[in-house]
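K.L.:
Following this message is one structure expressed as structure tokens.
What follows draws every value from the coordinates through simple rules; no lab data is involved. These numbers come from a predicted model, not from an experiment. We place every Cβ from the backbone using ideal geometry, glycine too, and count neighbours over all the protein chains shown.
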Amino acid sequence: MAKLIMTLDGAIIREYPITKESLSIGRKHGNDIQLNDLTVSGRHSMFTIVGENTFVDDLGSTNGTLLNGGRVAKSPVKHGDIIQVGNYQFTYYDNDTAEYEPTMFIRAEIEDTQIMQVNPPKTSDARGEPLAAVRIMNGPLAKKVLELRKPFNTLGFNGIKMAMIARTATGYTITMIQNNKLRRSNDTPMVNGKAVGSEAIPLKDHDMLELVGTQMEFFYFT
């Protein structure tokens, strides 16, 4: 049986088995999954099963539905795909025997002001500039490609934000997000084996990122 794993900032909230032909998500009563989130529309998204395939549909929502970091109107989903609705993420599992391991998460910030830092990187209009993404190299999300379309995108572990990738008119940068919940020295994000600090580091094509054992390749679309 297929199911959705709902997470918020990387922490598992609930599992939803897909037991019927459609499953709706939205802020209003009457949805199969009701989310108390102002960034979610009244009727936001719907999962439908057609034969052996599952599809996700955006129902004309204000903030859109993201599939693996990219905005979609209607798309088939595969095992391990990540669907973002407002501030929530849903990982699609096509059976209930695979074990879900919450490790790394990446999310596009819907509002820039959700990032709170003393000296955040300055961004400007990046429209028309090359688009980049990260490809996860290991773990349960291996081979997934997540686009970095928003001005700010956060990386984290078990609900803790640890690094931020900013998209600017001159390229992408990464900075560490200070957090007193980090307990180990190796919790520091790495780029090509070097620790990331509070100063923004420019990212280059095929740089290797590491976050608590999760390895990612940063690359530009060509």
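K.L.:
Give, as a single signed number, the net charge of other residues whose beta carbon lies under 12 Å from the beta carbon of H44, with Lys and Arg counted +1 and Asp and Glu -1.
P.N.:
Summing Lys/Arg as +1 and Asp/Glu as -1 gives -1.
K.L.:
Between their Cα atoms, which of K3/K74; K78/K204; K144/K204; K143/K204; K28/K74; K74/K144 are more than 27 Å away from each other?
P.N.:
Too far apart for the 27 Å limit: K78/K204.
K.L.:
Restricting to DSSP loop positions (anything but H, G, I, E, B) with no more than 16 other Cβ atoms inside 10 Å of their own Cβ, which trypsin sites (Lys or Arg not before Pro) remain in the range 30-87?
P.N.:
Qualifying residues, ordered by number: R43, K78.
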